[in-house]
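Undergrad: One structure, as structure tokens, below. Some questions next.
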Amino acid sequence: SRPLILILGDQLSEELELLATAPPNAVVALCEVKAEGDYVPHHPQKIVLILSAMRHFADTLRDKGYQVHYSALDDDDNRQDLLQEAERLADAYRCDEIRVTHPGEWRLLERIQDRGTRWRLYEDSRFYCSVAEFGKWLDGRKRFRMEDFYRQMRKRTGLLMEKNEPAGGQWNFDHDNRQPVERGLEFPPPPRHRPDNITHEVMALVEAHFGEHFGTLTHFNWAVTRRQALSDLRHFIAHALPDFGTYQDAISDEQPWLFHSRLSAAMNIGLLSPREVCEAAATAWHQGTAPINAVEGFVRQILGWREYVRGIYWQRMPDYKRQNHLEALRGLPDFYWTATTDLRCVRRALEMTRDNAYAHHIQRLMITGNFALLCGVSPAALCDWYLAVYVDAFEWVELPNTLGMTLYADGGYLGSKPYCASGKYIDRMSDHCRQCRYAVKQVTGENACPFNSLYWHFLQRHRERLGGNHRMKLIYGSWDRMRQDKRQAILDQADRFLRSVHFEAPYGKGDHA
Ligand code: FAD
Ligand code: DLZ
């Protein structure tokens, strides 16, 4: 018997169990297919990253002695669908079994499971916590919060632990991590990875097939090999990690990367393992080259949030995707595809997204996410957009962050209250407002910052659902103390603004309800 081993575009790791256990006669297949490129209109940089990294990884496997079949997008006999192409290859190579690592998206898992006994699924061993283990942790628990899970993971892995106590004497240093950027602060420029011949070829291919998708290729600088990804990791640990914590929540009008690692894509597609990333950060603390607030803040994102949202995704799918607790029904603002808006903060986040296929966490959560939440954009429309435009976007991590954390569409399963904010928050954490045509301190009037009236409009709209949340009591108290005519003027202001925005038709392309 002979297996075909299918490696998906976000599974480019030699650590995979199915590679480690492959018999010598196995055929390893990597397949470029059109269907994966346009089930949402992925940013061209995301497609280039994946196809170029797949081609480089296939070469690495060949060098290691594996028999590799690579289906290129332009091959005449390519079936242009992952499962059909794998079955065609299995027939051609007379393979009786197709082995594949658990995919990162429900839509593929469901199709594989429907395909019958020829297909065999392997656990994705790249995570700290398996799907089954997370299920056990969740089982029977009344309260499930990321913080509890994270502490258990710290204890289990021993990461940043001294005997049984957290390193630095605290589990959480978030209160040290809320500085805005100051004038004169210098940010380390990321390493430059010059596109090689393979990447140039893929760029031409992507231009030809997916050139109409939102996003530019000009500034493409993502690591497409493990070697480049390791160089990004070393650079981050040496130059950005020490300030990562302090400026973790900051937003800059000018700088897309600040002190962020830019490592999410490399981890998500397999070029780096989360273990080596967390261990490199912990080593920097042990060696005294990065402070605990930075290292703990960074490890929390990976060992905590990244593992936690994956656990939630696989426990709650497929129902999770249909949730819409706030009954938000609007389509996407059309300028999310063009970056033509005079709201400075939104425009800059969209421009950075267009140019880099990247925006950092606070831009995703508190600018484009918050704006969509306040406007009542549907989870379906927003999730499809986030899945398309970010280089690191795969549904296991994108959906809980967008539907749960950002839109509160799961009714508080992931976060205990919505991350809604007015212009005041954006002004505190960024330097956008002083360059904006709107006045951040005004709530009503022609020049008032739209975030302000939208914020109150949102709270008023959802009073029934959110008014009882003890974390929202103070803010509803402030609203209630305002004079009735002032409240009405604010609501009218928001209504006028909402009428001025062109929202697309209500639902995105995904399989949301
Ligand atoms: P850093 O700021 O350097 O953080 C370090 C690492 O921590 C990241 O590389 C990432 O692996 C992990 N991390 C940080 N925050 C989160 C989080 N909330 N959930 C899971 N992992 C986290 N991340 C993705 O990897 N893919 C997505 O599709 C994605 N979609 C998002 C959508 C929304 C609406 C929001 C609010 C967040 C989303 N995130 C997503 C989380 C986070 O924004 C990105 O991981 C981060 O911006 C990637 O940049 P970085 O590598 O420079 O991260
Ligand atoms: C995102 C993506 C793209 C654009 N193209 C391919 C491809 O041609 N072949 C492939 O194997 N994977 C691709 N991917 C990644 C898959 O979409 C990803 O593996 C699934 O969404 C599961 O996470």
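Undergrad: Grab the helices (runs of 4 or more DSSP H) fully contained in segment 326-407, keeping just those with 1 or more residues being more than 16 Å from ligand 2 (Cβ to nearest atom).
TA: So the answer is 344-356, 370-375, 379-389.
Undergrad: Tell me which of these residue 414 doesn't satisfy, since it passes every other one: (1) hydrophobic (A, V, I, L, M, F, W, C); (2) modelled with pLDDT of 95 or more; (3) assigned to a loop (DSSP other than H, G, I, E, B); (4) within 28 Å of residue 146 (Cβ to Cβ).
TA: Evaluating residue 414 over (1) hydrophobic (A, V, I, L, M, F, W, C); (2) modelled with pLDDT of 95 or more; (3) assigned to a loop (DSSP other than H, G, I, E, B); (4) within 28 Å of residue 146 (Cβ to Cβ) leaves (2) as the failure.
Undergrad: Right, something else. Is at least one residue of segment 13-34 of a type outside the set (A, V, I, L, M, F, W, C), near ligand 2 (Cβ under 9 Å from one of its atoms) and surrounded by fewer than 24 Cβ atoms within 10 Å (Cβ to Cβ)?
TA: Narrowing segment 13-34 to residues of a type outside the set (A, V, I, L, M, F, W, C): 13-15, 17, 21, 23-25, 32, 34.
Filter once more, so that each one left must be near ligand 2 (Cβ under 9 Å from one of its atoms): 32, 34.
Add one more test, that the residue is surrounded by fewer than 24 Cβ atoms within 10 Å (Cβ to Cβ), and what stays is 34.
There is at least one residue in segment 13-34 that is of a type outside the set (A, V, I, L, M, F, W, C), near ligand 2 (Cβ under 9 Å from one of its atoms) and surrounded by fewer than 24 Cβ atoms within 10 Å (Cβ to Cβ).
Undergrad: Would you confirm whether or not segment 36-57 contains a residue that is modelled with pLDDT under 95 and outside the structural domain of residue 312 (by TED's automatic domain parsing)?
TA: Within segment 36-57, the first condition is being modelled with pLDDT under 95, and the residues that meet it are 38.
Next cut, outside the structural domain of residue 312 (by TED's automatic domain parsing) only: 38.
Yes, segment 36-57 contains at least one residue that is modelled with pLDDT under 95 and outside the structural domain of residue 312 (by TED's automatic domain parsing).
Undergrad: Same structure, new question: Being modelled with pLDDT of 95 or more, assigned to a loop (DSSP other than H, G, I, E, B) and surrounded by 11 or more Cβ atoms within 10 Å (Cβ to Cβ) is the filter here, so list the residues in segment 502-513 that pass it.
TA: 504
Undergrad: Additional query: Out of the helices (runs of 4 or more DSSP H) lying entirely within segment 432-501, which hold 3 or more residues that are farther than 27 Å from residue 412 by Cα?
TA: 484-500
Undergrad: Here are the criteria: (1) surrounded by fewer than 20 Cβ atoms within 10 Å (Cβ to Cβ); (2) within 16 Å of ligand 1 (Cβ to nearest atom); (3) not in a loop (DSSP other than H, G, I, E, B). Tell me which single one residue 428 does not satisfy.
TA: Going through the list (1) surrounded by fewer than 20 Cβ atoms within 10 Å (Cβ to Cβ); (2) within 16 Å of ligand 1 (Cβ to nearest atom); (3) not in a loop (DSSP other than H, G, I, E, B), residue 428 breaks only (2).
Undergrad: Also, quick follow-up: Can you tell which of 234, 226 is within 23 Å of residue 11 (Cα to Cα), away from ligand 2 (no atom under 16 Å from the Cβ) and crowded, with 17+ Cβ neighbours inside 10 Å? Spell out the reasoning first.
TA: Values: 234 fails: crowded, with 17+ Cβ neighbours inside 10 Å.
Result: 226 is the single residue among 234, 226 that is within 23 Å of residue 11 (Cα to Cα), away from ligand 2 (no atom under 16 Å from the Cβ) and crowded, with 17+ Cβ neighbours inside 10 Å.
Undergrad: Within segment 213-290, considering only helices (runs of 4 or more DSSP H) that don't extend past its boundaries, which have at least 1 residues that are within 14 Å of ligand 1 (Cβ to nearest atom) and closer than 20 Å to residue 125 by Cα?
TA: On the way: elements: 226-235, 241-244, 264-269, 274-286.
Helices (runs of 4 or more DSSP H) meeting the threshold: 226-235, 264-269, 274-286.
Undergrad: Is one or more of the residues making up segment 269-278 free of Cβ contacts under 8 Å to residues at least 12 places away in the same chain and either assigned by TED's automatic domain parsing to the domain that holds residue 391 or farther than 18 Å from residue 406 by Cβ (or both)? Can you show your working first?
TA: Restricting attention to segment 269-278, the residues satisfying the condition of being free of Cβ contacts under 8 Å to residues at least 12 places away in the same chain are none.
No, every residue in segment 269-278 fails to be free of Cβ contacts under 8 Å to residues at least 12 places away in the same chain and either assigned by TED's automatic domain parsing to the domain that holds residue 391 or farther than 18 Å from residue 406 by Cβ (or both).
Undergrad: Could you tell me how many of the residues in segment 67-107 are crowded, with 16+ Cβ neighbours inside 10 Å, among the basic types (Lys, Arg) and more than 31 Å from the chain's Cα centre (by Cα)?
TA: 1
Undergrad: Taking segment 265-287 as the search range and keeping residues that are within 16 Å of ligand 2 (Cβ to nearest atom) and aliphatic (A, V, I, L, M), which one is surrounded by the fewest Cβ atoms within 10 Å (Cβ to Cβ)?
TA: Among those that are within 16 Å of ligand 2 (Cβ to nearest atom) and aliphatic (A, V, I, L, M), it is 267.
Undergrad: Pairs, please: C-beta under 9 Å, at least 6 apart or cross-chain, first residue farther than 10 Å from residue 101 by Cα and in segment 121-133, second part of a strand (DSSP E or B)?
TA: Here the result reads 126/101, each pair linking segment 121-133 to a residue that is part of a strand (DSSP E or B).
Undergrad: What residue, of 358, 386, 390, is without any contact (Cβ under 8 Å) to a residue 60 or more places away in the chain, surrounded by 20 or more Cβ atoms within 10 Å (Cβ to Cβ), within 30 Å of residue 53 (Cα to Cα) and of a type in the set (Ser, Thr, Tyr)? Explain how you work it out, then say what you get.
TA: Values: 358 fails: without any contact (Cβ under 8 Å) to a residue 60 or more places away in the chain; 390 fails: without any contact (Cβ under 8 Å) to a residue 60 or more places away in the chain.
Testing whether each residue is without any contact (Cβ under 8 Å) to a residue 60 or more places away in the chain, surrounded by 20 or more Cβ atoms within 10 Å (Cβ to Cβ), within 30 Å of residue 53 (Cα to Cα) and of a type in the set (Ser, Thr, Tyr) leaves just 386.
Undergrad: So residue 446 fits all but one of (1) in contact with an Asp or Glu (Cβ under 8 Å, 6 or more places away or on another chain); (2) over 23 Å from residue 407 (Cα atoms); what number is the exception?
TA: Every listed condition holds for residue 446 apart from (1).
Undergrad: Within segment 291-325, track down each residue that is outside any helix (DSSP H, G or I) and over 24 Å from residue 272 (Cα atoms). Talk me through it step by step, then tell me what you get.
TA: Of the residues in segment 291-325, the ones outside any helix (DSSP H, G or I) are 291, 317-318, 323-325.
Of everything in segment 291-325, those that are outside any helix (DSSP H, G or I) and over 24 Å from residue 272 (Cα atoms) turn out to be 317, 318, 323, 324, 325.
Undergrad: Give segment 370-424 a look and list any residue that's in contact with a strand residue (DSSP E or B) (Cβ under 8 Å, 6 or more places away or on another chain) and among the polar types (S, T, N, Q), or say none. Walk me through it before giving the result.
TA: Keep residues of segment 370-424 that are in contact with a strand residue (DSSP E or B) (Cβ under 8 Å, 6 or more places away or on another chain), which gives 371-372, 375-378, 381, 407.
Selection gives 378 alone.
Undergrad: Can you tell me which residue within segment 291-301, out of those that are surrounded by 20 or more Cβ atoms within 10 Å (Cβ to Cβ) and more than 19 Å from the chain's Cα centre (by Cα), is farthest from ligand 1 (Cβ to nearest atom)?
TA: 291
Undergrad: Could you grab me the full set of residues in segment 332-343 that are crowded, with 18+ Cβ neighbours inside 10 Å and either under 23 Å from the mean Cα position of the chain (by Cα) or on the phi > 0 side of the Ramachandran plot (or both)?
TA: 332, 333, 336, 337
Undergrad: Within segment 86-121, count every residue that is near ligand 2 (Cβ under 10 Å from one of its atoms) and of a type outside the set (Val, Ile, Thr).
TA: Final tally of qualifying residues: 9.
Undergrad: Check residue 64 against each of (1) under 22 Å from residue 12 (Cα atoms); (2) surrounded by 14 or more Cβ atoms within 10 Å (Cβ to Cβ) and name the one condition it does not meet.
TA: All conditions pass for residue 64, except number (2).
Undergrad: Can you work out which of the residues in segment 32-60 that are in a helix (DSSP H, G or I) and within 16 Å of ligand 1 (Cβ to nearest atom) is nearest to residue 209 (Cα to Cα)?
TA: Applying the first criterion (in a helix (DSSP H, G or I)) to segment 32-60 yields 34-38, 44-60.
From what's left, within 16 Å of ligand 1 (Cβ to nearest atom): 36, 45-47, 49-50, 53.
Numbers: 36: 12, 45: 13, 46: 14, 47: 10, 49: 15, 50: 15, 53: 18 Å.
The selected residue is 47.
Undergrad: Within the group 367, 312, which residue is among the hydrophobic types (A, V, I, L, M, F, W, C), buried (at least 22 other Cβ atoms within 10 Å of the Cβ), touching a residue at least 60 places away in the same chain (Cβ under 8 Å) and assigned by TED's automatic domain parsing to the domain that holds residue 174?
TA: Working: 367 fails: assigned by TED's automatic domain parsing to the domain that holds residue 174.
Testing whether each residue is among the hydrophobic types (A, V, I, L, M, F, W, C), buried (at least 22 other Cβ atoms within 10 Å of the Cβ), touching a residue at least 60 places away in the same chain (Cβ under 8 Å) and assigned by TED's automatic domain parsing to the domain that holds residue 174 leaves just 312.
Undergrad: Considering only residues that are assigned to a loop (DSSP other than H, G, I, E, B) and among the charged types (D, E, K, R), which ones fall in segment 61-106? Break it down into steps so the answer makes sense when it comes.
TA: If we filter segment 61-106 for residues that are assigned to a loop (DSSP other than H, G, I, E, B), which is where we start, we get 64-66, 72-81, 93-96, 102-105.
Within segment 61-106, 64, 74, 75, 76, 77, 79, 81, 94, 96, 105 meet the criteria.
The values are calculated or read from the model by the stated rules, or taken from the named source; none is laboratory data. Here the structure is a predicted model, which is why all the values come from computation and not from measurement. All Cβ positions, glycine included, derive from the backbone under ideal geometry; neighbour counts span all protein chains shown.
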